[in-house]
Ligand SMILES: Nc1ncnc2c1ncn2[C@@H]1O[C@H](COP(=O)(O)OP(=O)(O)OP(=O)(O)O)[C@@H](O)[C@H]1O
Ligand SMILES: [Mg+2]
């Protein structure tokens, strides 16, 4: 069966957009996790001034709309002589926003670990850092996994905001076609299916990790 | 039997929490093979004392000597090294929740003593055997009973070859039918000549194991003596009164 010219163009545009979306999502997810772990740990273990700085970062990026953050990154920062390409403006914006949310999950997980776990380790001669590395983080990771996974799934969807800074990804490509052919319903239904597939794949990977890292007593299920 | 040089000695420990004095100058000495038992009313400062003795809680004042060497709390490395030589057993076990029983015992051997994985596991298995849990090594803390958890905790502490063991109410969080298995392990340690200080309300341990009983109240050791001195019938000591009440409690149950 031959696809109609409209669908041929739609699918090839969306596939092009999909690649851009993936190129946005993967580094944003990884960057967000790294920032989240660093900021979350600092918010729990940091010296006071550092802790306040990390708290402030999280408050600002969780407290303002992502659209506003992207606008400032792309249209505002050039006034200060800082220029981003559309792609990098989007990636940096997503990383910072996602990192703020991830830090919240990491922080919650770290705080949920009881004092006794520190006592147990310290009493054996672990240093503070060794305790955190060998005892606290492996437990916190498991506690944070579910929330962090959720945030990754949000990120996949809010990556569609990249078109705001003229980075044309999946949604942006679809929008162009929809406007051209004036067939919004079909186009956005197909875009929806693309995101659904992305999210399903991400969920599957997350589920695999959760199962692999499952330990009795860390009730995720 | 007790010798002359104290293994662990503690002088004039004081500690306040937010201005409230909890320890008001506590001193004691543990000689090799000696077993001291801390008793006294709840809130008297037994746990705080034991935690100060391991620097898990920093004492406000006071000195600690191990084998005649003063441990300087400001030197972190010295404190870590000191803790390796002084084992601690907690009321609520504090097993590492993300590790199996055998890894709980092995992890400090590997990460702190830097023993190879294989040798650490061999040693850990040996310690688990000693507490009767050789077949439970693969289970996680969430899969163990309270008594089993406490026995793993004891194995974990012993794997470090401590010179002294501090035990803070090791049986208080256990169901009555599980207390016996932990007591048996403590008795076996006593028979091997382990130096121990033990906070407990187990009347049997107090009577049979203690070389000296320390009665602690409001941050001070208010009475000390051998079970023979303090627990003879009709003795007006605080210890005797306290143990009578413990006895009544157990008789009622
Ligand atoms: N971290 C802390 N912060 C504030 N107060 C504390 C802290 N730890 C202990 N205390 C207080 O110190 C007092 C002594 O507590 P501690 O646990 O040492 O008593 P205890 O003799 O072990 O009692 P129990 O028999 O109930 O275990 C209590 O009043 C307790 O509330
Ligand atoms: Mg106590």
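The values are calculated or read from the model by the stated rules, or taken from the named source; none is laboratory data. The model shown is predicted, which means the values in this text are computed figures rather than measured ones. Because the Cβ atoms are built from the backbone with ideal geometry, glycine has one as well, and the counts that use them run over all protein chains shown.
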Take the residues of region B:74-91 that are in a helix (DSSP H, G or I) and within 15 Å of the chain's Cα centre (by Cα): which is nearest to ligand 1 (Cβ to nearest atom)? B:83
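When region B:21-65 is examined, which residues are found to be near ligand 1 (Cβ under 10 Å from one of its atoms), in a loop (DSSP other than H, G, I, E, B) and within 14 Å of chain A (Cβ to nearest Cβ)?
From region B:21-65, those near ligand 1 (Cβ under 10 Å from one of its atoms) are B:21-23, B:38-52, B:57; that's our starting set.
Those still in the list that are in a loop (DSSP other than H, G, I, E, B) too: B:40-45, B:57.
Once the filter is applied, which keeps residues that are near ligand 1 (Cβ under 10 Å from one of its atoms), in a loop (DSSP other than H, G, I, E, B) and within 14 Å of chain A (Cβ to nearest Cβ), region B:21-65 yields only B:57.
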Unique residue being within 14 Å of chain A (Cβ to nearest Cβ), under 30 Å from residue B:21 (Cα atoms) and crowded, with 17+ Cβ neighbours inside 10 Å when the list is B:158, B:166, B:144, B:230: B:166
Given (1) within 17 Å of the chain's Cα centre (by Cα); (2) within 16 Å of ligand 1 (Cβ to nearest atom), index of the condition residue B:18 fails: (1)
If you take the residues of region B:82-103 that are at the interface with chain A (Cβ under 7 Å from one of its Cβ atoms) and closer than 15 Å to residue B:164 by Cβ, which of them is surrounded by the fewest Cβ atoms within 10 Å (Cβ to Cβ)? B:84
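Is at least one residue of region B:181-188 within 16 Å of ligand 1 (Cβ to nearest atom) and buried (at least 17 other Cβ atoms within 10 Å of the Cβ)?
no
Being more than 27 Å from residue B:21 (Cα to Cα) and surrounded by 15 or more Cβ atoms within 10 Å (Cβ to Cβ) is the filter here, so list the residues in region B:206-227 that pass it. Break it down into steps so the answer makes sense when it comes.
Here is the first cut: in region B:206-227, the residues more than 27 Å from residue B:21 (Cα to Cα) are B:206-211, B:226-227.
Hits for region B:206-227 are B:206, B:209, B:210, B:211, B:227.
Residues A:84, A:75, A:61: which one is crowded, with 16+ Cβ neighbours inside 10 Å and part of a helix (DSSP H, G or I)? Please lay out each step first, then the result.
Values: A:84 fails: part of a helix (DSSP H, G or I); A:75 fails: crowded, with 16+ Cβ neighbours inside 10 Å.
Going through A:84, A:75, A:61 in turn, just one is crowded, with 16+ Cβ neighbours inside 10 Å and part of a helix (DSSP H, G or I): A:61.
Out of A:120, A:93, which single residue is within 11 Å of the chain's Cα centre (by Cα) and surrounded by 20 or more Cβ atoms within 10 Å (Cβ to Cβ)?
Details: A:120 fails: within 11 Å of the chain's Cα centre (by Cα).
Result: A:93 is the single residue among A:120, A:93 that is within 11 Å of the chain's Cα centre (by Cα) and surrounded by 20 or more Cβ atoms within 10 Å (Cβ to Cβ).
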Residue count, region B:104-133, condition in contact (Cβ under 8 Å) with a residue 12 or more places away in the chain and more than 8 Å from chain A (Cβ to nearest Cβ), comes to 16
State whether one or more residues within region B:58-66 are under 20 Å from residue B:15 (Cα atoms) and buried (at least 23 other Cβ atoms within 10 Å of the Cβ). no
Candidate set from region B:189-205 (those that are in contact (Cβ under 8 Å) with a residue 60 or more places away in the chain and either within 16 Å of ligand 1 (Cβ to nearest atom) or within 23 Å of residue B:60 (Cα to Cα) (or both)); member that is surrounded by the fewest Cβ atoms within 10 Å (Cβ to Cβ): B:201
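Right, residue A:26: surrounded by fewer than 16 Cβ atoms within 10 Å (Cβ to Cβ) and either at pLDDT 95 or above or under 20 Å from residue A:195 (Cα atoms) (or both) or not?
On the way: surrounded by fewer than 16 Cβ atoms within 10 Å (Cβ to Cβ): yes; either at pLDDT 95 or above or under 20 Å from residue A:195 (Cα atoms) (or both): yes.
When the stated conditions are applied, residue A:26 passes them.
Considering only residues of region B:202-227 that are touching a helix residue (DSSP H, G or I) at 6+ places or on another chain (Cβ under 6 Å) and within 16 Å of ligand 2 (Cβ to nearest atom), which is nearest to the other protein chains (Cβ to nearest Cβ)?
Restricting attention to region B:202-227, the residues satisfying the condition of being touching a helix residue (DSSP H, G or I) at 6+ places or on another chain (Cβ under 6 Å) are B:203, B:207, B:209-210, B:213, B:215-216, B:223, B:227.
In the following step, the residues that additionally are within 16 Å of ligand 2 (Cβ to nearest atom) were identified as B:215-216.
Numbers: B:215: 25, B:216: 20 Å.
Looking at the filtered set, the residue picked out is B:216.
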Across region B:46-67, what is the number of residues that are touching a strand residue (DSSP E or B) at 6+ places or on another chain (Cβ under 7 Å), farther than 23 Å from residue B:207 by Cβ and within 16 Å of ligand 2 (Cβ to nearest atom)? 5
